[in-house]
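The structure appears right after this line, and notes come after that.
The values are calculated or read from the model by the stated rules, or taken from the named source; none is laboratory data. It should be emphasised that the depicted structure is a prediction, and the values quoted were computed from it without experimental measurement. Neighbour counts are summed over all protein chains in view; Cβ atoms, including those assigned to glycine, are modelled from backbone coordinates with ideal geometry.
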Amino acid sequence: MDKIAKIRQLLECLELPKRQQTDICVLTILGLANLSKSSKWKDATNEWHRIHDIISFVNRNYDVNYAENSRETFRKQALHHFRLAAIVEDNSKPTNSPNYRWRLTQEFLDILRIINISKTTLVSFKKNHKSLRELYASKKAMEKMPVKINGVDFMFSTGKHNQLQKAIIEEFAPRFASNAECLYVGDTVKKDLFRYDEKLLELGFTITLHDKMPDIVLYCADKDWLFFIEAVTSVGPIDPKRIQEISEMTKDVTAGKIFVTAFLDFNTYKKFSSELAWETEVWLADMPDHMIHLNGEKFLGPR
C-alpha cells in the first residue's frame with residue numbers, strides 16, 4: 001500500500017470525516033512529516049512549516065501541481081480540522097504573521113512513525129481526543145433549537161426559517177390561537193418533524209404530498225378553527241395559488257380556515273406584501289402582539 005493510501009486509512013481509523021480524507025488532506029500530513037514516496041515511516045518529523053513549504057514539498061515529491069493561491073484550501077480543508085483533531089498544532093503567532101507555522105503533534109507523529117494501524121496502536125490517541133465526527137456531531141446537536149409541541153420536546157435544525165417556526169409555536173399560538181393543538185410542523189432538514197395523522201384525518205384532511213402542506217397547522221377545538229401558517233424568510237407566502245392548493249387538499253374539512261403568513265420582521269413582510277392574498281393574516285415575530293389583516297369582514301376569523 002502506498003503512502004497516500006496508508007495515510008487515508010489512518011485518517012479513517014481516527015474517524016475523520018470523508019472531507020478530511022481527500023488528497024489535499026493526506027498530502028498535508030505527508031508534507032508536514034517530510035515523507036516522500038521513498039522515505040521510511042520511522043523518518044517522519046514534526047518540524048515547523050509554512051503552508052508554502054507544504055505545497056512546495058508535495059509538488060516536488062508527489063507528482064502534483066498545486067498553485068500558491070491554493071494555500072487557503074490547504075488551511076480550511078485540512079489544517080483547521082486537523083488542529084481540532086489534535087493531529088497538528090500551530091505556533092500561536094498572529095495568523096497574518098510571516099512567522100506563522102504548523103507542525104504535527106508529537107502524539108500523531110508517534111503513530112505515524114510506526115504506522116501500525118491497529119486498535120492497540122490508536123487506543124491511547126483516541127482515548128485522549130474525541131474524533132472529529134464526534135466533535136462535529138456534538139456541535140450540530142448543540143446548535144439545534146429546542147421547541148415544545150403539544151407538551152413534547154422536539155429539536156429544530158438551525159436556520160432563520162426554523163427560528164421563525166419556533167416563534168410561531170411559542171409566541172403566535174399563545175396569543176392568537178390559545179389552547180390550540182398542533183397538527184403539523186415541518187423542518188428544513190426533517191420535512192415532517194411532527195404530524196398528527198389521526199387528528200388530521202378525523203378533520204377531513206387528504207394528505208398526499210409533504211410540499212402541499214403549509215409549514216404549521218394549528219387547531220382550536222373550542223372554536224373549530226384551523227390555522228394554516230406559512231413561515232416566510234425567502235419564499236412561499238400565502239398567495240391566491242397557495243390558498244387554492246390548501247383548499248383542494250382540505251376540501252372535506254368543515255372547520256373554519258384561517259390563513260396566516262408569518263415573517264421575522266417588517267422589512268421581510270414589505271418584500272412580499274404585493275403577493276399576499278386578500279382576507280389573510282400577517283404576523284411579525286419582532287412585533288408579536290399585533291396582527292395585520294388584509295381586508296375582509298372580520299379582523300381574525302375563518303374564510
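Here is how the numbers come out for the structure above:
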item: Filter result for residue 271 (charged (D, E, K, R) and over 17 Å from residue 229 (Cα atoms)); result: yes
item: Hits in the stretch 288-303 - residues which are under 22 Å from residue 161 (Cβ atoms) and either surrounded by fewer than 16 Cβ atoms within 10 Å (Cβ to Cβ) or at pLDDT below 90 (or both); result: 290
item: Every residue from the stretch 271-285 that is of a type in the set (A, V, I, L, M, F, W, C) and within 23 Å of residue 169 (Cα to Cα); result: 272, 276, 277, 282, 283, 284, 285
item: Within the stretch 172-287, strands (runs of 3 or more DSSP E) holding 1 or more residues that are modelled with pLDDT under 90, under 23 Å from residue 162 (Cβ atoms) and not assigned by TED's automatic domain parsing to the domain that holds residue 162; result: none
item: Helices (runs of 4 or more DSSP H) completely within the stretch 1-98 that count 3 or more residues being buried (at least 17 other Cβ atoms within 10 Å of the Cβ) and β-branched (Val, Ile, Thr); result: 23-32, 51-61
item: Boolean, residue 281 is buried (at least 21 other Cβ atoms within 10 Å of the Cβ) and of a type in the set (D, E, K, R); result: yes
item: Residues of the stretch 99-109 satisfying the condition of being in a helix (DSSP H, G or I) and farther than 18 Å from residue 4 by Cα; result: 106, 107
